[in-house]
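*Asks:* This structure is in structure tokens; I'll ask about it shortly.
The values are calculated or read from the model by the stated rules, or taken from the named source; none is laboratory data. Because the structure is predicted, anything quoted here is derived from the model rather than measured. Every residue, glycine as well, gets a Cβ built from its backbone with ideal geometry; the counts of neighbours run over all protein chains shown. For the accessible areas, the whole protein counts, side chains as well, though only heavy atoms, and no ligand, DNA or RNA atoms are used. Shrake-Rupley method; radii C 1.70, N 1.55, O 1.52, S 1.80 Å.
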Amino acid sequence: MLDFLTRFFKPERSGATAKERLRLVLLSDHLSLAPDVVESLKRDLIEVISRYCEVDVANTDVSFEQQDSAVAMLANIPILGLRNGRSTPPASPTAPPYEPPSSATPAHAALAHEPQAAADTALVTPTVETAVPADTVTSTVEPAKPKAARKRRRRRPNLSQQAPAT
Amino acid sequence: MSGRRIVLTSGKGGVGKTTTTANLGAALAQRGKRVVLVDADIGLRNLDLVLGVEKRIVFDLVEVVEGRCQLRQALIKDKRFESLSILPAAQTRDKGAVSELQMAKVVEELAELCDYVLIDCPAGIEHGFRSAIAGALEAIVVTTPEVSAIRDADRVIGKLHERGVPIRLIVNRIRPEMVRNGDMMSVEDVCDILSAELLGIVPDDEEVIDTTNRGEPIVLDPNNHLAPIYDKIARRLDGELIPFTNLSAPGFFGRIMSAFKAG
Amino acid sequence: MQEMTPQNAAVAASVPKPRGRAIVVTSGKGGVGKTTTTANLGTALARTGARVVLIDADVGLRNLDIVLGLENRVRSHVLDVLEEKATLEEALVIDKRVPSLQLLAAAQTREKDEVDTAQMKALVERLRDKFDYVIIDCPAGIEAGFQNAIVGAEEAIIVCTPEVSAVRDADRVVGLLGNAMKVQLIINRIRPALVKKGKMLSVEDVNAILRLPLLGVIADEPDVIVSTNRGEPLANDDTSRTGASFRAIAGRIAGTDTSKPEIPQEPTFFEKLFGGRR
């Protein structure tokens with residue numbers, strides 16, 4: 001319904017629609033085709049979360065899901081316990097009240113994928129929920145409008161000048 | 001000095017690889033370059049048909065690879081262009097008949113005989129595709145400004161990058177009036193999404209069907225709107241710095257007001 | 001309603017339930033409109049209430065999802081099901097507009113030769129028990145992808161454009177399909193004005209070579225491009241001529257439309273726009 005209303009009030013030409021859909025679909029395709037990137041991401045995530053909690057590394061899973069207007073990263077990180085001897089984690093202004101999880105409670109963090117700033121903005125307020133199936137997890141933050149992931153050098157055609165010879 | 005070995009590929013079928021191979025090859029030959037066109041679409045050959053040489057096939061690529069004839073015997077010399085030859089595919093075999101290594105060897109041998117080897121790649125990313133790109137040192141990716149074509153081109157570009165093959169893009173069948181109305185993605189949109197260097201822009205033209213029906217390359221007819229476009233693409237490929245043609249001149253898509261580039 | 005006694009149950013069980021029809025949409029030549037046809041025929045059949053499943057057999061180059069506008073709902077794909085990494089229910093995507101239409105997407109990051117032909121056949125058989133129509137979108141070409149797409153099908157629809165290469169490839173495919181399969185033809189992207197000028201093969205020309213029962217003829221109109229841009233099949237659009245053509249073809253497939261296919265005579269949108277240029 002929202003889809004229809006959006007289009008009714010803001011009619012978008014299909015060419016623009018096509019471009020946007022392609023951008024998302026290709027991002028999703030590229031992520032599926034880069035298992036090494038996903039592995040590194042997973043390792044880094046585990047490393048950071050491990051500073052605060054004991055993590056069940058073997059059962060950790062990171063995947064990407066294409067949603068209506070963004071590609072989201074879903075991280076399923078089972079938490080076994082709090083780190084002993086550690087001070088309580090720094091309070092984040094948007095963090096919900098901290099509840100110590102029961103043992104082996106999966107923490108689902110739905111994060112918007114911001115490819116160009118993956119390291120600094122990807123971790124935003126992980127939600128700690130008890131035994132919630134992955135497909136009902138909702139994101140706690142609005143996915144930031146992802147910029148197009150560019151692994152290759154962007155080449156804008158310069159139609160007013162001559163194309164360089166290879 | 002060995003000739004350039006270029007594969008024309010796309011992922012998606014039906015975007016104009018064969019037509020582009022034929023016309024680009026003819027345009028290069030018209031400029032005096034020695035060109036060999038290789039049809040790598042074994043089992044579904046069409047380059048011969050598009051060039052009008054289908055009745056002159058004696059031997060094909062598979063027979064060359066299996067040693068049943070010499071390479072030179074299989075090459076069909078075009079009667080209209082002095083320096084253009086075609087190596088046809090086999091029609092009744094399948095793509096497993098030629099391995100990547102065998103294809104690379106044939107292409108290498110051909111490169112010693114000419115300035116350009118253009119390989120017409122089959123659709124898809126299966127064995128036929130892998131063989132076709134095996135001998136190439138450069139690639140031209142052909143796409144149309146449509147969602148499926150671009151998605152497939154992206155996949156193919158990824159595979160070519162894995163092999164370190166430099167890529168240039170031809171955007172085929174663009175419809176200026178639809179782009180103007182926002183009903184079709186523009187050339188800039190396509191290049192943006194694919195991050196590839198542009199080699200040429202070819203507008204959609206119903207006359208192309210007629211030329212393929214008759215097996216006559218477009219550059220043979222100087223009155224054909226697309227002839228100068230293929231000529232420019234050939235020259236650009238050859239290293240000349242050629243600007244993209246402005247299509248808004250009267251008499252050419254005259255009803256379209258806004259400036260639109262092709263060529 | 002008869003009481004279900006053990007005798008009645010035995011009788012009921014012995015009456016064979018009609019199995020769904022398995023139809024592959026193929027062509028040989030790429031880019032002639034197989035995927036668009038699969039999406040639209042599936043939609044049109046499902047709109048009549050039939051339970052329809054569409055299978056994208058183009059492993060590595062999937063596009064049926066994007067043509068249907070369902071690309072962001074795909075979670076698992078055919079290979080996941082075949083390798084038992086996902087259940088069929090998890091992989092099936094229900095269409096946004098027509099609930100009795102479902103999609104089984106292809107794997108985007110795998111290769112066609114990873115599909116086991118026997119398993120593919122078994123999957124199609126399984127789907128025929130759950131759906132009235134199992135329609136398989138075949139990839140271009142005649143390699144492994146093609147073989148896997150046709151393996152479960154009992155019927156084939158050849159999509160062909162009125163161009164020499166397409167007709168030649170379609171002819172080759174007909175030869176490869178063998179005699180066991182029921183094969184019918186859809187001619188796509190006809191441009192009536194060009195046919196009249198003798199610059200394009202006519203329907204009669206195409207069928208003189210292919211000699212197949214004709215399901216329908218579709219004109220080359222720009223609304224197809226707009227519809228794939230948006231991911232909205234034209235069979236859902238009551239104002240579209242192309243949509244109407246697909247709905248009529250669906251009717252012929254279902255046996256509810258016995259009319260002969262109409263051959264478009266009016267110039268297409270672009271032919272009108274550029275009419276008189278040459």
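*Asks:* Tell me which residues, restricted to the range C:179-207, are β-branched (Val, Ile, Thr) and over 16 Å from the mean Cα position of the chain (by Cα).
*Replies:* Matches in the range C:179-207: C:Ile190, C:Val195, C:Val203, C:Val206.
*Asks:* Right, next: Search the range C:85-115 for residues being of a type in the set (A, V, I, L, M) and part of a strand (DSSP E or B), and hand back the single one that is surrounded by the most Cβ atoms within 10 Å (Cβ to Cβ).
*Replies:* C:Leu101
*Asks:* Exactly one of these conditions fails for C:Lys85: (1) free of Cβ contacts under 8 Å to residues at least 24 places away in the same chain; (2) under 16 Å from C:Asn148 (Cα atoms). Give me its number.
*Replies:* Unmet condition: (2).
*Asks:* When you look at B:Val190, is it of a type in the set (A, V, I, L, M), farther than 25 Å from B:Asp48 by Cβ and either more than 7 Å from chain A (Cβ to nearest Cβ) or in a helix (DSSP H, G or I) (or both), yes or no?
*Replies:* Yes: the conditions hold for B:Val190.
*Asks:* Tell me, which residue of the range A:12-33 that is more than 9 Å from chain B (Cβ to nearest Cβ), under 15 Å from the mean Cα position of the chain (by Cα) and not aliphatic (A, V, I, L, M) is most open to solvent (accessible area, probe 1.4 Å)?
*Replies:* Among residues in the range A:12-33 that are more than 9 Å from chain B (Cβ to nearest Cβ), under 15 Å from the mean Cα position of the chain (by Cα) and not aliphatic (A, V, I, L, M), the one most open to solvent (accessible area, probe 1.4 Å) is A:Ser32.
*Asks:* Oh, and also: Taking the condition of being away from chain A (no Cβ under 14 Å) and in contact with an Asp or Glu (Cβ under 6 Å, 6 or more places away or on another chain), how many residues in the range C:77-115 meet it?
*Replies:* Within the range C:77-115, residues that are away from chain A (no Cβ under 14 Å) and in contact with an Asp or Glu (Cβ under 6 Å, 6 or more places away or on another chain) number 2.
*Asks:* Let me ask you something else. Considering C:Ala170, C:Ala166, which residue is closer than 22 Å to B:Val50 by Cα, facing another protein chain (nearest Cβ under 9 Å), open to solvent by less than 10 Å² (accessible area, probe 1.4 Å) and assigned to a helix (DSSP H, G or I)?
*Replies:* C:Ala166
*Asks:* All but one of (1) outside any helix (DSSP H, G or I); (2) without any contact (Cβ under 8 Å) to a residue 60 or more places away in the chain; (3) among the polar types (S, T, N, Q) hold for C:Asn188; state the number of the condition that does not hold.
*Replies:* All conditions are met except number (2).
*Asks:* Then there's this: Can you tell me which of (1) more than 14 Å from chain C (Cβ to nearest Cβ); (2) in a helix (DSSP H, G or I) is the one B:Asp154 doesn't meet?
*Replies:* The failed condition is (1).
*Asks:* Please find, within the range B:232-253, the residue that is nearest to the other protein chains (Cβ to nearest Cβ) out of those that are buried (at least 18 other Cβ atoms within 10 Å of the Cβ) and modelled with pLDDT of 95 or more.
*Replies:* B:Arg236
*Asks:* If you take the residues of the range A:35-45 that are buried (at least 17 other Cβ atoms within 10 Å of the Cβ) and among the hydrophobic types (A, V, I, L, M, F, W, C), which of them is nearest to the other protein chains (Cβ to nearest Cβ)?
*Replies:* Among residues in the range A:35-45 that are buried (at least 17 other Cβ atoms within 10 Å of the Cβ) and among the hydrophobic types (A, V, I, L, M, F, W, C), the one nearest to the other protein chains (Cβ to nearest Cβ) is A:Leu41.
*Asks:* Being closer than 25 Å to B:Ala149 by Cβ and open to solvent by 10 Å² or more (accessible area, probe 1.4 Å) is the filter here, so list the residues in the range C:34-56 that pass it.
*Replies:* C:Lys34, C:Thr35, C:Thr36
*Asks:* Ok, one more. Which numbered condition trips up A:Ser69, out of (1) farther than 17 Å from C:Ala107 by Cβ; (2) without any contact (Cβ under 8 Å) to a residue 60 or more places away in the chain; (3) open to solvent by 20 Å² or more (accessible area, probe 1.4 Å)?
*Replies:* (2)
*Asks:* Give B:Glu197, B:Glu206, B:Glu177 a once-over and let me know the one that is facing chain A (nearest Cβ under 9 Å), open to solvent by 10 Å² or more (accessible area, probe 1.4 Å) and touching a Leu at 6+ places or on another chain (Cβ under 9 Å).
*Replies:* On inspection, the qualifying residue turns out to be B:Glu197.
*Asks:* Something else about it: Would you mention how many residues in the range C:207-237 are in contact (Cβ under 8 Å) with a residue 24 or more places away in the chain and away from every other protein chain (no Cβ under 12 Å)?
*Replies:* So the count comes out to 14.
*Asks:* I would also like to ask the following. Determine which member of the set C:Ala208, C:Ala248, C:Ala219, C:Ala244 is open to solvent by 40 Å² or more (accessible area, probe 1.4 Å) and either within 30 Å of C:Leu70 (Cα to Cα) or not aliphatic (A, V, I, L, M) (or both).
*Replies:* Testing whether each residue is open to solvent by 40 Å² or more (accessible area, probe 1.4 Å) and either within 30 Å of C:Leu70 (Cα to Cα) or not aliphatic (A, V, I, L, M) (or both) leaves just C:Ala244.
*Asks:* Same structure, new question: Please determine, by comparing only the residues of the range C:116-143 that are within 14 Å of another protein chain (Cβ to nearest Cβ) and either within 21 Å of C:Glu71 (Cβ to Cβ) or in contact with a His (Cβ under 7 Å, 6 or more places away or on another chain) (or both), which one is surrounded by the fewest Cβ atoms within 10 Å (Cβ to Cβ).
*Replies:* Ranking the qualifying residues of the range C:116-143, first place goes to C:Glu143.
*Asks:* Filtering the range C:61-76 down to residues that are in contact with a helix residue (DSSP H, G or I) (Cβ under 6 Å, 6 or more places away or on another chain) and in a loop (DSSP other than H, G, I, E, B), which residue is nearest to C:Asn236 (Cα to Cα)?
*Replies:* Filtering first and then ranking leaves C:Leu68.
*Asks:* Being over 13 Å from the mean Cα position of the chain (by Cα), of a type in the set (Asp, Glu) and within 14 Å of another protein chain (Cβ to nearest Cβ) is true for just one of B:Glu138, B:Glu112, B:Glu126. Which residue is that?
*Replies:* B:Glu126
*Asks:* Could you list all residues from the range C:116-148 that are outside any helix (DSSP H, G or I) and hydroxyl-bearing (Ser, Thr, Tyr)?
*Replies:* Scanning the range C:116-148 gives a single hit, C:Tyr133.
*Asks:* Kindly indicate the residue of the range B:89-112 that is at pLDDT below 95 and assigned to a loop (DSSP other than H, G, I, E, B) and also most open to solvent (accessible area, probe 1.4 Å) among those meeting that condition.
*Replies:* Among residues in the range B:89-112 that are at pLDDT below 95 and assigned to a loop (DSSP other than H, G, I, E, B), the one most open to solvent (accessible area, probe 1.4 Å) is B:Thr92.
*Asks:* Taking interchain pairs and intrachain pairs at least six residues apart, which have beta carbon atoms under 6 angstrom, with the first residue in the range C:56-72 and closer than 12 Å to C:Val93 by Cα and the second among the small types (Gly, Ala, Ser) and open to solvent by 10 Å² or more (accessible area, probe 1.4 Å)?
*Replies:* As it stands, the answer is none, since no pair meets every condition given.
*Asks:* Looking only at the range B:47-80, filter to residues that are touching a residue at least 60 places away in the same chain (Cβ under 8 Å) and not in a helix (DSSP H, G or I); which one of those is least open to solvent (accessible area, probe 1.4 Å)?
*Replies:* Ranking the qualifying residues of the range B:47-80, first place goes to B:Val53.
*Asks:* Counting just the residues of the range C:152-163 that are more than 10 Å from chain B (Cβ to nearest Cβ) and either hydroxyl-bearing (Ser, Thr, Tyr) or under 24 Å from C:Lys121 (Cβ atoms) (or both), which one comes out surrounded by the fewest Cβ atoms within 10 Å (Cβ to Cβ)?
*Replies:* The extreme case among them is C:Glu154.
*Asks:* Condition first: more than 14 Å from chain C (Cβ to nearest Cβ) and either among the polar types (S, T, N, Q) or in contact with a helix residue (DSSP H, G or I) (Cβ under 9 Å, 6 or more places away or on another chain) (or both). Can you find one or more residues in the range B:41-54 that meet it?
*Replies:* The answer is no, given that none of the residues of the range B:41-54 is more than 14 Å from chain C (Cβ to nearest Cβ) and either among the polar types (S, T, N, Q) or in contact with a helix residue (DSSP H, G or I) (Cβ under 9 Å, 6 or more places away or on another chain) (or both).
*Asks:* Can you find even one residue in the range B:18-38 that is within 30 Å of C:Cys138 (Cα to Cα), small (Gly, Ala, Ser) and not in a helix (DSSP H, G or I)?
*Replies:* no
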